[in-house]
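Rule-based calculations on the coordinates, nothing more; no lab input. The structure displayed is predicted, hence computed values, not measured ones. In this analysis, Cβ positions are derived from the backbone assuming ideal geometry, glycine residues included, and neighbour counts consider all displayed protein chains.
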Amino acid sequence: MDRDDTIAIIGAGIAGAAAARRLHAAGRRVVVLDKGRGPGGRMATRRGPGALRFDHGAQYFTARDPRFAAQVAEWAARGVAAPWGGPGRSVGVPGMTAPVRDLLAGLDVQCGRAVGRLVREDRRWRLAEADGAALAGGAAFTAVLLTCPAPQSLALLAGAGLDLPGLAEVRYAPCWTLMLAHDGPPPLDGPVRENRDPDATIAWVAQDGAKPGREGATVVVQAAPAWSRAHLEEDAADIAERLLDALRDLPDVAGPVTVGHRAAHRWRYARVERAIGEPCLYAPGTGLGFAGDGCLGPRVESAYLSGLALAERVLAESV
Ligand SMILES: Cc1cc2nc3c(=O)[nH]c(=O)nc-3n(C[C@H](O)[C@H](O)[C@H](O)COP(=O)(O)OP(=O)(O)OC[C@H]3O[C@@H](n4cnc5c(N)ncnc54)[C@H](O)[C@@H]3O)c2cc1C
């Protein structure tokens, strides 16, 4: 592989950011493209009215692997992350996007760019929007690293007549998330209420505004996977009311919860239910690879480690 060439990374979530930072540290040029308004992916922060902010995707992260533990400790030392929500758990500060933004600081990150086509030409890759408009100034890339959720990555590959064996096996559970601002007292005694009963409506309630670096009387509620799947195509406004009713019905929640703002968000691909079981996928000699939580499992840490693994794979081929 030509060391002077640029590597395109599709997706500015934690996997893409980890890959980008590792490749940059090894002296490689990277361009990161994301269809969203800003980096973070499912480590997401949503704006509400006024100064309200909600972490409506990943709620916290844990670190079991020494490499991610070292990264989390380094973030904590610089105030990019802080403990919250229970033993061993951390959150980004001032929002869940902060660690991703930190990894991408100073790199070429282009948001609002939805990659619709991969084109293989003269042993290089070019990227285009779905209507064929060139992306990244029409640049040719030595490698293209896909870090969007598996179904979106598969669609891109299929459009180019390509495949990465194993990718089609990945399955995700959906998640309906309710974001609300309450006028009355906090609905919970502690920071979170968790319920692992698969038949429950609500799996998770967090006093979002009480996380470090946040402000506001805000709460994030996540529906359980089975409930989310059963109601996946329903209207977001209706879902918000149903989840609010379910919240008020919880026995250990102070009620009635007096609500100011409310909004529901549907995550079609929230948590991985079936992962590939390999750190990453890579097609030798082509520069084409996939990383993300679809590789090792449904956690921020897994996605980070997968991004690192793919970067190492690319670097190993360049030696
Ligand atoms: C509701 C919810 C709760 C969760 N709770 C937790 C938790 O508490 N703890 C935990 O560890 N994990 C949690 N997770 C899982 C965790 O968020 C993910 O495992 C992790 O963030 C995945 O990172 P990723 O980089 O693999 O993918 P993503 O974060 O999804 O990043 C992929 C990026 O690709 C972009 N993209 C997609 N298609 C295109 C395209 N065509 N062109 C350009 N860009 C594209 C997307 O915009 C996105 O930014 C939760 C997830 C959700 C949704």
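Some points to look at:
- One decimal place: the segment N195-E273 gains 26.3 nm when fully extended, by the rule 0.36 nm per residue minus the C-alpha distance.
- Among R101, R124, R53, residue whose mean-square fluctuation peaks in a GNM of the chain (springs only between Cα atoms under 10 Å): R124
- Taking the longest Cα principal axis of the chain as reference, the axis of helix 14-25 is set at about 40 degrees.
- Dipole of the chain computed with +1 at Lys/Arg Cβ and -1 at Asp/Glu Cβ about the Cα centre; of V192, V31, P49, farthest Cα towards the positive end is V31.
- Chain lengthening between T62 and A130 when straightened (0.36 nm per residue, less Cα-Cα): 20.8 nm
- Beta bridges assigned by DSSP with both partners in the chain are antiparallel in approximately 70 percent of cases.
- On Cα atoms only, tilt of 66-77 relative to the major axis of the chain in degrees: 60 degrees
- Using alpha-carbon coordinates, inclination of helix 300-318 to the longest axis of the chain, degrees: 10 degrees
- Rounded to the nearest 20, the size of the Cβ-charge dipole of the stretch 99-186 about its Cα centre is 220 debye, with Lys and Arg at +1 and Asp and Glu at -1.
- Charge-dipole axis of the stretch 46-159 as Lys and Arg at +1 and Asp and Glu at -1 on Cβ define it, positive-most pick from W75, A134, L146: W75
- GNM remark for the chain: springs join alpha carbons under 10 Å apart, and the peak mean-square fluctuation among A81, A44, A263 falls on A263.
- The helix-based estimate of mean residue ellipticity at 222 nm for the chain, built from -39,500 (n - 2.57) per DSSP H run of four or more residues and divided by its residue count, is -8000 deg cm²/dmol to the nearest 500.
- A crude spin-label estimate for the pair A114 and R229, with each label 7 Å from Cα along the Cβ direction, gives 2.7 nm.
- A simple packing score, the average count of other Cβ atoms within 10 Å per residue, orders the peptides 18-24, 186-192, 150-156 as 18-24, 150-156, 186-192, with the highest score first.
- Given +1 at the Cβ of Lys and Arg, -1 at the Cβ of Asp and Glu and no other charges, the dipole of the stretch 193-319 around its Cα centre is 200 debye to the nearest 20.
- Nearest-20 debye value, the stretch 54-125 charge dipole, Cβ charges on Lys, Arg, Asp, Glu: 220 debye
- Among G287, G106, G216, the largest mean-square fluctuation in a Gaussian network model of the chain, built with springs joining Cα atoms closer than 10 Å, belongs to G106.
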